[in-house]
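Values quoted throughout were computed directly from the atomic coordinates according to the rules given, and no laboratory measurement underlies them. As the structure is a prediction and not an experimental result, all values here were calculated from the model. Don't worry about glycine lacking a Cβ; one is built from the backbone with ideal geometry, like all the others, and counts go over all protein chains shown.
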Amino acid sequence: IALASDLPEAYSVRGGIRLRLRWDWQGAQSDLARALELGPNSAPVLGGQAQVLASLGRRDEAVAAARKAVAADPLSENAWTALGRYLQPTGATAEARQALERALQINPEQNWANFLLGNLLLSEGKVEEAIAHYRRAPEQFETTGMAMAEFTRGNEPAANALLAKME
């Protein structure tokens, strides 16, 4: 920001750091407001706004911001993943699934999209389909997902072993 005070993504990134690492919601909101002033059509900025809004429990506004991010950059795997992430808790599971599948069409190795789609499928009782997505995710996501899948299958010893591995 000191080097490029007119760069919206700089404020968006700092807002994300304040949100995730410092739990400074007020500072994050301030940075995102500035980022939106400078780049109202920037997908990363809109995605950052969606994340802050979701963290504040403003789910409908988070979904709206994520939709704007997708419209601003329809080839952004992160924008589609965020949209799916924020739609799922609203009960719009079909639309969430479509958004996550779109993210995976863009990048089949998208970490969060595979994990989140696995979670969605697991919540619908589609354990094997969920496992297929967990297996495409990085190790920490795979282990977490597999622990949930094994528990859902009723295999508590396997779930506990995976939890121990995570610890």
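How high is the FRET efficiency between GLN26 and ALA71 when r is their beta carbon distance and R₀ equals 25 Å, given to the nearest 0.05? For GLN26 and ALA71, the calculated efficiency is 0.35.
Spatially, segment 125-158 and segment 61-105 are offset by 23 Å when compared through their Cα centroids. What residue among THR93, THR81, THR152 shows peak mean-square fluctuation when the chain is described by a Gaussian network model with Cα springs under 10 Å? Greatest mean-square fluctuation among the candidates belongs to THR152.
With runs of 4+ DSSP H residues as the only contributors, calculate the mean residue ellipticity of the chain at 222 nm using -39,500 (n - 2.57) per run, divided by the residue total and rounded to the nearest 500. Working shown, then result.
On the way: 10 runs with 126 residues, N = 167.
Using -39500 (n - 2.57) per qualifying helix, the result is -23500 deg cm²/dmol.
Rounded to the nearest angstrom and listed largest first, the equivalent-ellipsoid semi-axes of segment 61-167 from its Cα gyration tensor are 27, 14, 11. Checking every one of the GluC sites (Glu not before Pro) in segment 60-114 against DSSP loop status and a limit of 16 other Cβ atoms within 10 Å picks out GLU109.
The loop-placed trypsin sites (Lys or Arg not before Pro) in segment 1-72, going by DSSP, that have at most 15 neighbouring Cβ atoms within 10 Å of their Cβ come out as ARG22, ARG58.
About its Cα centre, what dipole magnitude does segment 24-73 give when the only charges are +1 on Lys and Arg Cβ and -1 on Asp and Glu Cβ, stated in debye to the nearest 20?
Values: 5 positive and 6 negative charges, 29 e Å.
The dipole magnitude comes to about 140 debye.
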